[in-house]
1. Set the Förster radius R0 to 22 Å, insert the Cβ-Cβ distance between His78 and Lys19 as r into 1/(1 + (r/R0)^6), and round the FRET efficiency to 0.05.
2. Relative to the present Cα-Cα distance, how much length would full extension add between Asp67 and Tyr47 at 0.36 nm per residue of separation?
3. Could you check the spin-label model distance between Lys128 and Leu6? Points 7 Å from the Cα along Cα→Cβ, value in nm.
4. Apply the a/c threshold of 1.5 to the C-alpha gyration tensor of segment 7-59 and tell me whether it is rounded, prolate or oblate.
5. Could you check the simple spin-label distance between Glu85 and Arg174, using points 7 Å along Cα→Cβ, in nm with one decimal?
6. Tyr47: net charge of surrounding residues, Cβ under 12 Å, Lys/Arg +1, Asp/Glu -1, itself excluded?
Amino acid sequence: MPLKSLSKGKHEFSFHLDKAFFTNMENSDVHDADLDVQLSVVYNGEYYDCTFHITGEVVLICDRCLDDLHQPIDAAYHVTVRYGEDYNDEADDVLEIPDSDSNLNVAYMVYDTVVLAIPIKHVHPLGKCNRQMSAILKKHRARGGEDAELAGELIDEMDSMDAATSDSAPSDPRWDALRKISSEGAGSED
């Protein structure tokens, strides 16, 4: 983005991101993308007030069933850019760039904003995973004996917790009992 050539006032920029952008950024998690970036820059003569708004979706691979997972993205980022002696990005919301730079590469700001909007756990909503893969996973859990059965129950319990959206629900006594067993086992290492 050409900063030094901007006149005082508000300026609007639009970008479209697809798979090639994430390939160039060497991100192997995003398999496809259809994102629109709206960048608003307000220049007051001293600094540039930049606001990014990114909407659309990225395609990831579901961690559970390995099918495509369409993840909607709606993210915003704000940064103030000003000229100084050297490059300085110590503050989260202020970026200082050298006077010799006439352009600002916003690719990394856009990339970071999108990546931070993607959940850590890439899974379909409960019941939306590939049924064949889910059946295979359950079959392999059943082969593993008692430990695999317990692990399967814990995974099912975790899935049901993911489906629940209430953070203020009272603690489940079953989880409290598991935490107690875990802490007792950690303290008795001889």
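We did not get these values from a lab; they are worked out from the coordinates using the rules stated. Quick caveat: nothing in here was measured; it's all calculated off a predicted structure. With ideal geometry, Cβ positions are generated from the backbone for all residues, glycine too; neighbour counts draw on all protein chains shown.
1. The pair His78/Lys19 has a calculated efficiency of 0.25.
2. Fully extending the segment from Asp67 to Tyr47 adds 2.7 nm.
3. It is 3.6 nm.
4. Numbers: a/c = 3.84, a/b = 2.66, b/c = 1.44.
Prolate.
5. 6.3
6. It works out to a net charge of -2.
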